[in-house]
Amino acid sequence: MEHKPNIYENKKDIVTIDGPSGSGKSTISRTVASRLNFTYLDTGAMYRAVGYKARQDGVDLEDGDALSCILDTLDLTLLPGNGDTRVLLGKNDISSAIRTAEMGLVASKVSAQPVVRRKLTEMQQKIGEQGKIVAEGRDTGTVVFPDARYKFYLDATPEERARRRSLQLLEKGEKADELDILAQIIKRDANDSSRAIAPLKAADDAVIIDSSNLTIDEVVCFILEKISASLANSSK
Ligand code: DC
């Protein structure tokens, strides 16, 4: 088979895509990673896995010491693929169990604990050492990879995010109450933006994209064009 040279080969590049829940980050990050032939790093899945384990062990979500013990022995494997990242806790596949609205709120709670942020940030930075990563989350451009070469912040109105989320659920044949979803989105945004450490916010040097009126493809193209343009400029 013909080998298509990849212009990004051999570069230790990191792309960060941050933003609130429902902004389209996951699909967009996964697609950008696949188009660049980079590894996709879903940092939210890591916070969800910690929340899941805490719930499983009956640990108080605000008990830093107990959460620290969980993190010390956390046997977490992330397997990025075509769809959502597969997440294993030991040998147990928890991919679907962590991707519920309830687990989103649990993850948001444990993510406010300094010990959780410190340890997961270290794990993420270790993964990033290999380069060629598209990392998505809330603080990947501000805290985890402040020196990332390409930073994006993806936003959309809460109403549009709730509309998208309820469509997704309906497509899966699940029940969706758009007003309930909107209330959850607003609650999670408030938790994530108001916490003392690594709150949800755009890095000063991030390109901000309001995706409210854009399709996934349009956002992906925009991001890839920005990366190409920046690459072209830096090689002049
Ligand atoms: O992206 P997500 O919905 O899977 O994230 C779940 C929660 O995890 C989110 O509400 C806040 C937290 N999180 C975080 O604090 N920092 C990150 N980099 C990613 C997620």
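FYI, it's all coordinate maths here, none of it is from the lab. Small disclaimer: the values here were computed from a predicted structure and weren't measured. No Cβ is skipped: glycine too gets one built from the backbone with ideal geometry, and neighbour counts run over all protein chains shown.
Length available on full extension from Asp93 to Asp63: 0.36 nm per residue minus the Cα-Cα distance, which gives 8.2 nm. Maximal additional length on extending the Ile127-Ser230 stretch stands at 34.7 nm, based on 0.36 nm per residue less the C-alpha distance.
Taking square-rooted eigenvalues a ≥ b ≥ c of the alpha carbon gyration tensor, is segment 150-236 rounded, prolate or oblate, where a/c under 1.5 means rounded and, failing that, a/b exceeding b/c means prolate?
On the way: a/c = 3.58, a/b = 1.57, b/c = 2.29.
In terms of gyration-tensor shape, oblate.
Between amide H atoms placed 1.01 Å from N, distances below 5 Å from Val207 occur with Lys151, Phe152, Tyr153, all of them 5 or more places distant or on a separate chain.
The order of the peptides 149-155, 97-103, 111-117 by mean Cβ neighbours within 10 Å, most packed first, is 149-155, 111-117, 97-103.
Each peptide in 172-178, 198-204 was scored by the mean count of other Cβ atoms within 10 Å over its residues; highest first, the order is 198-204, 172-178. Across Thr140, Thr39, Thr85, mean-square fluctuation computed from a Gaussian network of the chain (C-alpha pairs under 10 Å connected) peaks at Thr85.
Across all Cα pairs in the chain, the calculated P(r) in 10 Å bins from zero up to the longest distance comes to 7, 32, 38, 19, 4, 0 percent per bin. Simple spin-label estimate for Glu174 and Ser34 gives 2.1 nm between the two label positions (7 Å along the Cα-to-Cβ direction from each Cα).
Among Gly128, Gly137, Gly64, the largest mean-square fluctuation in a Gaussian network model of the chain, built with springs joining Cα atoms closer than 10 Å, belongs to Gly64.
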